[in-house]
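Chemist: Please read through the structure below; I'll follow up with questions.
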Amino acid sequence: MSTIAAIATAQAAAGLGTIKISGEEALLVADRVFSSVSGKKLQDMKGYTALYGKVHDGETVLDDAVALVFRAPKSYTGEDVVELSCHGGLFVLKRVLRAVFNAGAVAAEGGEFTKRAFLNGKMNLSEAEAVMSLISASGEEARAATLNALDGALSREIDECRNELARTAAFLAAWVDYPDDEIPELTDSQMLETVTTVKAKLQKLLNGFDAGQAILEGIDTAIVGRPNVGKSTLMNALTGRERAIVTSIAGTTRDVLEETVRIGNVTLRLADTAGIRSDTDDEIEKIGVVKAKERFDRASLVLMVLDGGEELSKDDEELIELCKNKTSIVIINKADKEKRLSTEKVKALYNGERIVEISAKDRKGMEKLAEIVEEAVGTANFDPSAPLITTERQRGCVVKAVENLQEAEDGLNMGITPDAINVCIDCAVENLCVLTGEKATETIVNEVFKNFCVGK
């Protein structure tokens, strides 16, 4: 494979920046652009060693630099790797990178360093996916969970499930193919125990997927309610700044305002929508109402805001009815004012427990709101140390494996022949192998890495 190079740090001004070079000629290419103050060549250096010197393009000195050498196979990619660290000005980094290209390297594609690590057996496909999740982690729980995945927690769980199934499948195959040999028969109850045990483990992974996604990627959240109930004030309270315009005039918010915030352990991708009411003649406001309803339909979590200083209106009741079919929280706002809204009536209409009273203006009740949000999205008891499915691709593989095992379980209960049961078990094993990358097609591999950043 060719020797590749890319800027491995953020594409912005910083104190330090790093250019990563990987491939068979990484040391040779680096020696062409780097001269140590000691006169030593990088090609003569052992792995995990460093030299100080200058980077240059021909006769033109570009910057001071430190060169780190990692020898194959004990490197991130499994190839020879050199990292050139210099001052982090974007112009300087791009200029050094151009010099590296002139010296024989080619531009790395998105995720190519990690892809080479996968192809060279340094990590499996699920661990490679965890790399990108770790890079984009937006909180402590996300960091801990993805680091755990990178360390192989999910891989170990999948390997354990696969090995249990493979042993059963191998025993079945031997018993079916060699009936004259004295191979003890594997009873239906023994097979059923293995199938149900593994299926339960995989189902547990699936059950934790939504909570994991909430931690890793955040939740599409819509703030809805009638005009002037305090939706924009709530938006500002959650963001900690004056993100939305707040006035006493109903219908001030005409479009959808979006912002990402942390509340408790969860990242919410907030959308502050126009007030929903049925009695407006304003054409622009009508468009805003349509957009608000669209965001309501798409949202994974709905924060419905009521005005605690007013009695329930027909529009309020209609929204409450819609929220009963969504993961939602009813927020009774304006607790700083005289209360006229009947909480008991809201409970009766909503038929749920996720109701909280706050004053968005004074930011009171926000801690309780955070607790209810975590409860609603299933992250209250999230364990970042547990094996975690981090992508839809992984989830799809586990879903198929569970379906295969369900077929095997149904077959065993109906008395289907062992060879048919074995086909179901083999399919489950294959789907788990696709998850870890042992049987992944080139298309699947390319799909995994296409959204990676270039320097990783």
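Chemist: Taking Ala12 as the residue in question, decide whether it is in a loop (DSSP other than H, G, I, E, B) and within 30 Å of the chain's Cα centre (by Cα).
Modeler: Spelling it out, Ala12 is indeed in a loop (DSSP other than H, G, I, E, B) and within 30 Å of the chain's Cα centre (by Cα).
Chemist: Can you go through Ala5, Ala30 and tell me which one is in a helix (DSSP H, G or I) and at pLDDT 95 or above?
Modeler: Ala30
Chemist: Let me ask something else. Might you let me know whether the range 265-274 holds any residue that is farther than 27 Å from Leu216 by Cβ and modelled with pLDDT under 75?
Modeler: Yes, there is a match, as at least one residue in the range 265-274 is farther than 27 Å from Leu216 by Cβ and modelled with pLDDT under 75.
Chemist: Going through Gly88, Gly111, Gly78 one at a time, which residue ends up being surrounded by fewer than 20 Cβ atoms within 10 Å (Cβ to Cβ) and at pLDDT below 90?
Modeler: Just one listed residue meets the conditions, Gly88.
Chemist: Can you confirm whether the range 410-422 contains a residue that is outside the structural domain of Ser313 (by TED's automatic domain parsing), buried (at least 17 other Cβ atoms within 10 Å of the Cβ), under 24 Å from the mean Cα position of the chain (by Cα) and of a type outside the set (S, T, N, Q)?
Modeler: no
Chemist: Inspect the range 305-327 for any residue being touching a Cys at 6+ places or on another chain (Cβ under 9 Å) and not in a helix (DSSP H, G or I) and give the result as yes or no.
Modeler: No, the conditions are met nowhere in the range 305-327.
Chemist: For the range 342-356, how many residues are in a loop (DSSP other than H, G, I, E, B), in contact with a Lys or Arg (Cβ under 9 Å, 6 or more places away or on another chain) and either aromatic (Phe, Trp, Tyr) or more than 20 Å from Glu367 (Cα to Cα) (or both)?
Modeler: Final tally of qualifying residues: 1.
Chemist: When you scan the range 80-95, how many residues do you find that are not in a helix (DSSP H, G or I) and not small (Gly, Ala, Ser)?
Modeler: Residues meeting the conditions: 7.
Chemist: Further question: Any residue at all in the range 68-79 that's among the aliphatic types (A, V, I, L, M) and in a strand (DSSP E or B)?
Modeler: yes
Chemist: Can you say whether Val330 is within 14 Å of Gly225 (Cβ to Cβ), in the same structural domain as Val229 (by TED's automatic domain parsing), touching a helix residue (DSSP H, G or I) at 6+ places or on another chain (Cβ under 6 Å) and not aromatic (Phe, Trp, Tyr), as far as the supplied structure shows?
Modeler: So Val330 fits the description; yes.
Chemist: Out of curiosity, is Asp279 assigned by TED's automatic domain parsing to the domain that holds Met366, under 27 Å from Asn351 (Cβ atoms) and modelled with pLDDT of 65 or more?
Modeler: No; evaluated as a whole, the condition is false for this residue.
Chemist: Which one of Phe171, Phe118, Phe101 is crowded, with 23+ Cβ neighbours inside 10 Å and not basic (Lys, Arg)?
Modeler: Phe118
Chemist: Now, a different point. Go through the range 126-157 and report how many residues are among the aliphatic types (A, V, I, L, M), within 13 Å of the chain's Cα centre (by Cα) and either crowded, with 23+ Cβ neighbours inside 10 Å or at pLDDT 80 or above (or both).
Modeler: Number of matching residues: 6.
Chemist: Would you mind finding the one in Val373, Val356 that is within 17 Å of Thr221 (Cα to Cα), touching a strand residue (DSSP E or B) at 6+ places or on another chain (Cβ under 7 Å), crowded, with 18+ Cβ neighbours inside 10 Å and touching a residue at least 40 places away in the same chain (Cβ under 8 Å)?
Modeler: Criteria check complete, one pass: Val373.
Chemist: Which is in contact (Cβ under 8 Å) with a residue 24 or more places away in the chain and part of a helix (DSSP H, G or I), of Ala440, Ala428?
Modeler: None of the others qualify; the one that does is Ala428.
Chemist: Any chance you could count how many residues in the range 301-334 are more than 36 Å from the chain's Cα centre (by Cα) and within 24 Å of Glu367 (Cβ to Cβ)?
Modeler: Residues flagged as more than 36 Å from the chain's Cα centre (by Cα) and within 24 Å of Glu367 (Cβ to Cβ) within the range 301-334 amount to 2.
Chemist: For the structure I just gave you, tell me whether Glu403 is at pLDDT 90 or above, surrounded by fewer than 20 Cβ atoms within 10 Å (Cβ to Cβ) and assigned to a helix (DSSP H, G or I).
Modeler: yes
A quick yes/no check of all residues on (1) among the charged types (D, E, K, R); (2) under 14 Å from Gly378 (Cα atoms):
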| site | (1), (2) |
| --- | --- |
| Phe209 | no, yes |
| Asp220 | yes, no |
| Thr233 | no, no |
| Asn236 | no, no |
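The values are calculated or read from the model by the stated rules, or taken from the named source; none is laboratory data. Computed from a prediction, not measured in an experiment: that's the story for all the values here. Don't worry about glycine lacking a Cβ; one is built from the backbone with ideal geometry, like all the others, and counts go over all protein chains shown.
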